Every structure is written in C-alpha cells, then in structure tokens.
Amino acid sequence: MLLQEPILIGKLTVENRLVMPPMQTNKTERGHVTEELVDYYRDRAVRSRPGIIITEHSCISESGRAAEGQLSLAADELIEEHRRLTDAIREGGSKSFVQLNHAGSNGIGDAVSASAVSIPVKKLTKRPRALAQEEIRQIEEQFAAAALRAVRAGYDGVEIHCAHAYLLNQFYSPMTNKREDDYGGSLENRLRITLETVALVRQAVGGQIPIAVRLGGADYLPGGSKEEDAVRACMLLEAAGVDLLDLSGGMCFFMRPGHLEAGYFSSMSEKVKAAVSVPVLLTGGVHKIGDAEALLQNGKADLIGVGRALLKDAAWGASLLRG
C-alpha cells in the first residue's frame, strides 16, 4: 500500500504519506496555545499517526492576523507555547510542520495587498492599499523570523502559505495583482514575493529543515490563475529550493467550484507532479482510505492530505496503522 510507504521530504524521512493539513480549530485563547489545542493534536497523532501534521496557520505579525483566534508566531515569547504542540505531535510519531501566514486584505489586520483591489469573492471586505516595496521586504523578513522561531519550537518543517486568497496568494493571482513594478505582470513577478520569502526562510532555518509552500495554484474563476500557471510556478519554487509542494485553491479558497470528488484538485496536482521532482501533496474531498490510496496509485500526488475527516474523527487513520 503506497499510503503506508515512507517518503523523503528534503532531508526528512516521513513515516507514511498521510498528511493532516492545517485547519482552524478555534481552540486557542486569543491566539495562544491552550491545553485543549495540545490535546487535539496529540489525539490525532497518537490515534491516526499521519506522516505529517501541519498545524493551523500562525500569523507572522499582528498586522497580518487573519482572525482573532488565529495562532501566532510573531514574537519570541510564543516559542515555548508552540513547543507544547510539537512535543504532543512527536508523542504519536508524526512529524510536525508549521504553516506561516500573512492575511493581507483577507483578515482583521491592516488591509494591505498587492494592489488596491478587493478579494473578488469577498465583496464586503474593505478596499486595501497596495504595499510599497520596502514594506514587502519587511513582510518577507517577518516570515523568516517566524520560521526561525518555529525551528526553535521543535517543528520538523515550515510551510509558507500562498493560497486561499491570503497575502502571498494576492500577489500570485492576476485577479488581485495589478502592479506594474517587479512584483506584478508576469507570473515570475507575481511569484517574486514568495520566492524571496523562500530564500530568506532558507537562510534562517538552514539546510536541514524542509520548506513547503502551500500554493493556491489555480483560481478556477474567470480572469484568474490557471493550472498551467501552477505548473510553471511550482517549477520556479522547486528551483528556489522548496522541498514540498502543497496544492490547493487560490481565490476559490480550499474548494473547487463544481467539484466534490475525492482529490478535486488532482487535475492540477497531476500536471505539477509530472513537471517537478520534489514531492507533491494533494488535499481536498478525501474521506476514505481507499480514495487516498487510489490517488497515489494513479499518480495524482506523492502524499494525500485528509482534513475534515480527521477534524471529525481523531482515529480516522487507525486502519492505516493496522495495515
């Protein structure tokens, strides 16, 4: 069974190919780690033992906060809180990745974005202002500082969030990026902030820690990014040193319009997998072990993320452990 086989992510060996992707739990206290949150992650690590657990997104700065209850890695004093999470996940034998995020205009912090363009599917959000280039550099440095805190907290890997209409995805998508400088226009320019962030994160964490990018590769909306853009973007990310490509939606968030089948982003992940040599993670609509295995066997991805099923049932992956 492919799902049970180990896989190498950068220099990190992962026990199996089941991944628990990041999902907001609302179990924090004003964004701080609580005992309930620690128990939640420990329970899923012990009872299902996914190869990787990616904890719910953590903000890199207070101005980039997505929600009041969002976890934070914006300050050094939060390192020990996160160590409680990594220790709990390690108890079950899973590897832990942190997902780092800046919400941009899709949050409760400063309404900033690539351009003064609101997120197309959230018409009630206030019109953001476009970031200046010096501000872009500051945000990239905040990602790197948060990544270093994550390593000090014991995380095995770092994931940079460039999906679901958050800030880096707002630069990537032509629907929200109308810039005419080095950060707008071509795909390479729209991806520039993410590529520069990857470089700074690598400098901060060193060569042993794997770096993942969750890419909202296609918007699946008129005028948005397409699957072919995702292929090119992932090739650039691989060349920049990214060790794991975690594919999801862009301005359509984590759902694909008109699709509910298991692995509904698989047409994108299959194309990306054929173009890169680093592992590809596919998440979306997987509720059965058999569906996860079939997606692997059919070459749609190298790892499978199971979100809602694990959110509802901590022992969802127990049958995988039993073989």
*Could you say whether any residue in the stretch 77-85 is under 22 Å from ARG192 (Cα atoms) and either at pLDDT 95 or above or surrounded by 22 or more Cβ atoms within 10 Å (Cβ to Cβ) (or both)?*
no
_Residue in the stretch 275-297 that is most open to solvent (accessible area, probe 1.4 Å), counting only those that are touching a Gly at 6+ places or on another chain (Cβ under 9 Å) and without any contact (Cβ under 8 Å) to a residue 40 or more places away in the chain_ = ASP291
_Please determine whether any residue of the stretch 307-317 is without any contact (Cβ under 8 Å) to a residue 40 or more places away in the chain, within 17 Å of the chain's Cα centre (by Cα) and assigned to a helix (DSSP H, G or I)._
no
_the stretch 107-137, residues that are farther than 19 Å from GLU68 by Cα, of a type in the set (Lys, Arg) and part of a loop (DSSP other than H, G, I, E, B)_ = LYS123, ARG127
*Among the residues of the stretch 300-322, write down those that are exposed (fewer than 13 other Cβ atoms within 10 Å of the Cβ) and either closer than 18 Å to LYS271 by Cα or modelled with pLDDT of 95 or more (or both).*
none
_Can you list residue pairs whose Cβ atoms sit under 9 Å apart, with the first residue in the stretch 158-187 being outside any loop (DSSP other than H, G, I, E, B) and the second being aromatic (Phe, Trp, Tyr) and surrounded by fewer than 24 Cβ atoms within 10 Å (Cβ to Cβ)? Count only pairs 6 or more apart in sequence or on different chains._
PHE171/TYR183
*Looking at the stretch 258-274, which of the residues that are open to solvent by less than 20 Å² (accessible area, probe 1.4 Å) and not in a helix (DSSP H, G or I) is nearest to VAL286 (Cα to Cα)?*
GLY263
*asked:* For the stretch 152-195: of the residues being over 28 Å from MET23 (Cβ atoms) and among the acidic types (Asp, Glu), which is least open to solvent (accessible area, probe 1.4 Å)?
replied: ASP181
*Sort out which residues of the stretch 225-252 are open to solvent by 10 Å² or more (accessible area, probe 1.4 Å) and in contact (Cβ under 8 Å) with a residue 12 or more places away in the chain, and write them in order of number.*
GLU227, GLU228, ASP229, VAL231, ARG232, MET235, LEU236, GLU238, ALA240, GLY241, ASP243, CYS252
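Is it the case that ILE9 is under 30 Å from GLN297 (Cβ atoms), of a type outside the set (Ser, Thr, Tyr) and touching a residue at least 24 places away in the same chain (Cβ under 8 Å)? Outline the logic, then answer.
Details: under 30 Å from GLN297 (Cβ atoms): yes; of a type outside the set (Ser, Thr, Tyr): yes; touching a residue at least 24 places away in the same chain (Cβ under 8 Å): yes.
Answer is yes for this residue.
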*asked:* Against the conditions (1) touching an Asp or Glu at 6+ places or on another chain (Cβ under 8 Å); (2) part of a loop (DSSP other than H, G, I, E, B); (3) within 26 Å of VAL306 (Cβ to Cβ), where does ALA66 fall short? Just the number, please.
replied: (1)
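The values are calculated or read from the model by the stated rules, or taken from the named source; none is laboratory data. This structure is a prediction, so every number in the text was calculated from the model and none was measured. Cβ sites come from the backbone with ideal geometry, for glycine too, and all protein chains shown count toward neighbours. Quick note on the areas: whole protein, heavy atoms, side chains included, nothing else; ligands and nucleic acids left out. Shrake-Rupley method; radii C 1.70, N 1.55, O 1.52, S 1.80 Å.
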